[in-house]
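Below: the structure, in structure tokens.
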Amino acid sequence: MKYKNTVGGSAGSKQSSLSDFGPCYVSRGMSVTQDMNTHFQVCNICSAFNPSTIGTKVTNPLKFLGILKDALAQYDASKDRVPGQHFVVLPETVLEFVSAGVGHRTANVQDYNLREHRGIVSAFLKRELAEKATGCAVVLYTLEAYKNDPEVDMSEVANFHPETTHVVVAVLAFAGPRSPLSPGRFVSNLAGGNLEALTYSGDDIRRMAKEINDYQNQWATVAD
């Protein structure tokens, strides 16, 4: 955690400008207070707030997190498949503050960048070929749910801000059909990397595998 920005405030308060908060950039490991009851921590694997990233990119962190705070207040946690693992769909007003993480796959090698991601070098579409975002959601865990995730390193949690209530795990800016999990993440989850996968039936797994295969044949992830 390099520094802390305090943003937000009560409903109806004056809209804050970026200059009110000094550095407005939010990086992995960053903690951001939204109000007295909500404190977001960006987990180490979420790179959407970085200036150069792979996949979805948040282009205005302060406005984005303000919209997330409001959406969280309306979120029905009773629908979570695993308690505390939220999938928060954001309103269309957020779309001007994100860049979609995908574009149409092409056969032109000049359209791709080689980038390292989680120890593997792969080809990604260039950012300028990203489709216009048509939807956005956030994978947001309560602090307790994050601690209970089998892939979480507790040394990371030990460095969280003490007032953390929620952890931003992923930001997903959609374009075209709703993006399923990546093939690698899907297999990792089935192998024990996520508690929700334990609830999947055989039909669930077959349906999800087909969706992932169909999607990967038409769409590619973008990168800066």
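No value in this document is a laboratory result; all are computed from the given coordinates. Everything numeric here is computed off the predicted structure, so don't read it as measured data. Backbone-built Cβ (ideal geometry, glycine too); neighbour counts: all protein chains shown.
Laid out as a table, the results:
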| read-out | value |
| --- | --- |
| Amide H within-cut-off set for Val98, under 5 Å, with H built and near neighbours excluded | Thr59 |
| Proximal charge balance of Glu128 [Cβ under 13 Å; K/R count +1, D/E count -1] | +1 |
| Distance (nanometres) between label positions extended 7 Å along Cα→Cβ at Glu156 and Arg178 | 2.5 nm |
| Net length gained if the chain between Asp80 and Arg118 were fully extended (0.36 nm per residue, minus Cα distance) | 10.9 nm |
| Sum of side-chain charges, Pro177 neighbourhood, beta-carbon under 12 Å (Lys, Arg +1; Asp, Glu -1) | -2 |
| Paramagnetic reach from Arg207 in region 175-192 [backbone N under 17 Å; point 7 Å along Cα→Cβ] | 178-181 |
| For His117, residues with placed amide H under 5 Å, excluding near neighbours | Ser122 |
| Straight-distance crosslink candidates among aspartates and glutamates, where the alpha carbon sits under 16 Å from Lys126 and sequence neighbours closer than 8 are dropped | Asp111, Glu116, Asp224 |
| Estimated vicinal HN-Hα couplings, Hz - region 128-134 in sequence order (Karplus 6.51, -1.76, 1.60; Gly, Pro = x) | 5, 9, 5, 6, 5, 5, 10 |
| Cβ crowding within 10 Å averaged over residues, with 205-213, 130-138 ranked highest first | 130-138, 205-213 |
| Potential extension, Lys147-Thr106 segment - 0.36 nm per residue separation minus Cα distance | 10.8 nm |
| Listed peptides 175-182, 110-117, 98-105 by packing density, highest first (mean Cβ within 10 Å) | 98-105, 175-182, 110-117 |
